[in-house]
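Read through the structure below, which is laid out as structure tokens, and then see the notes.
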Amino acid sequence: MNKSVQQKAAHVTTRRLLDMKQNGEKISMLTAYDYTIARILDRAGVDVLLVGDSASNVFAGHSTTLPITIEEMIYHAKAVVRGVHDESGRAMVVIDMPFMSYQLSSEEALRNAGKIMKEHECDAVKLEGGRVIADTVKRITDVGIPVMGHLGLMPQSIYKYGSYRVRAQEEKEAEQLLEDVVILEKAGAFAIVLEKIPSALAAEATRSLTIPTIGIGAGVACDGQVLVINDILGLNREFHPRFVRRYADLNTLIEQAARQYVQDVRTRDFPSADESY
Ligand code: KIV
């Protein structure tokens, strides 16, 4: 955490999130990928900004989160951290560790988590997985790097699942998830994202933990909620799953603005004398 950030505002810390859970205050989290949006979201009072590997989809246009590299994540993360630092400095910034940056070995995971923390001055990293990555989570948290977990639908495993349907609807997978949240908490995770699982299961997982759960398509009982910023702004016309609430229709607004601009240029309406030197 940057010193100027500490002085500027009550920066959201892992301790603060724990207190929020204990006090029954809900945690708000949104993804951010660039400086300008990060400033706006920090100003709006969003508690946690996630530099999600969903940047691979919504920023770079890939069909999955797998292609994004650690260097690309570092680029996005630096911009987001700069945005928060230049605004109130309140929001916690969490960076997704991209596919294959932490799966090979705990050593490599630690090296990459360290690289991310050093280069960004961010607050924490997020990893997908349960028992399989428990030793890695422990290794990373043991050296002082906070880890956010991610269970349920894990987009980095999309080729294993074969679809983005709701996870853990069958008893076996639900039981496994309930075990995994506890394993992650014991390994040192400070919060866990629960993606696209039945609300009742998310509620049970939330009750079983001291650390907060942050849901996406996991119902209201989670300790917090996260959504992808592009989705809540309505930037993508085609993608509107049930768990997304659209707060704006920027797709239409941007298209209208661009059409007007094109017309104004063509008709020589722009630039006017006032807009010229
Ligand atoms: O990458 C991402 O945007 C995420 C959220 C969906 C939680 O992991």
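A few remarks follow.
- Just the protein heavy atoms count here, and of the accessible area of the chain at 1.4 Å, carbon and sulfur take up 53 percent.
- Candidate membrane-span-like segments in the chain, meaning DSSP H helices with Cα atoms spread over at least 18 Å of their own axis and a Kyte-Doolittle mean of 0.5 or above, do not occur, with no membrane implied either way.
- Over all projection directions, the Cα-based convex hull of the stretch 127-172 averages an area of 3.8 nm².
- Restricting the stretch 28-90 to GluC sites (Glu not before Pro) that sit in a DSSP loop and have at most 15 other Cβ atoms within 10 Å of their own Cβ leaves nothing.
- Projected label points at Thr36 and Leu178, each 7 Å from Cα along the beta carbon direction, are separated by 4.8 nanometres.
- Using the average count of surrounding beta-carbon atoms within 10 Å as a protection proxy, the listed peptides 130-138, 185-193 rank, highest first, as 185-193, 130-138.
- When the Cα positions of Tyr159, Tyr102, Leu194 are compared along the charge dipole of the chain, Leu194 comes out farthest toward the positive end, with charges on each C-beta of Lys, Arg, Asp and Glu.
- Within the chain: Cβ-based charge dipole about Cα centre, in debye rounded to nearest 20 (Lys, Arg +1; Asp, Glu -1): 240
- Two-decimal ratio, the stretch 118-277, of alpha-carbon radius of gyration to 2.2 N^0.38 Å: 1.43
- Normalised per residue, the accessible area of the stretch 161-277 is 61 Å², obtained with a 1.4 Å probe and no contribution from ligands, DNA or RNA.
- For the set Asp223, Asp269, the ranking by accessible area, highest first and with no ligand, DNA or RNA atoms included, is Asp269, Asp223 under a 1.4 Å probe.
- Considering only Gly130, Thr213, Pro241, and ranking their Cα positions along the charge dipole of the chain that arises from unit charges at the beta-carbon of Lys, Arg, Asp and Glu, the one farthest toward the positive end is Thr213.
- For a straight C-alpha distance cut-off of 18 angstrom, the aspartates and glutamates reachable from Lys172 (same-chain residues fewer than eight places away being disregarded) are Asp180, Glu195, Glu204.
- Of Lys118/Lys186; Lys115/Lys138; Lys26/Lys118; Lys115/Lys196, pairs whose Cα-Cα distance is over 27 Å: Lys26/Lys118; Lys115/Lys196
- Comparing the chain with the 2.2 N^0.38 Å rule of thumb, its C-alpha radius of gyration ratio is 1.06 (two decimals).
The values are calculated or read from the model by the stated rules, or taken from the named source; none is laboratory data. Keep in mind that what you see is a predicted model, and the values were worked out from it rather than measured. No Cβ is skipped: glycine too gets one built from the backbone with ideal geometry, and neighbour counts run over all protein chains shown. Just so you know, the surface numbers come from the protein's heavy atoms only, side chains and all, with ligands and any DNA or RNA stripped out. Shrake-Rupley method; radii C 1.70, N 1.55, O 1.52, S 1.80 Å.
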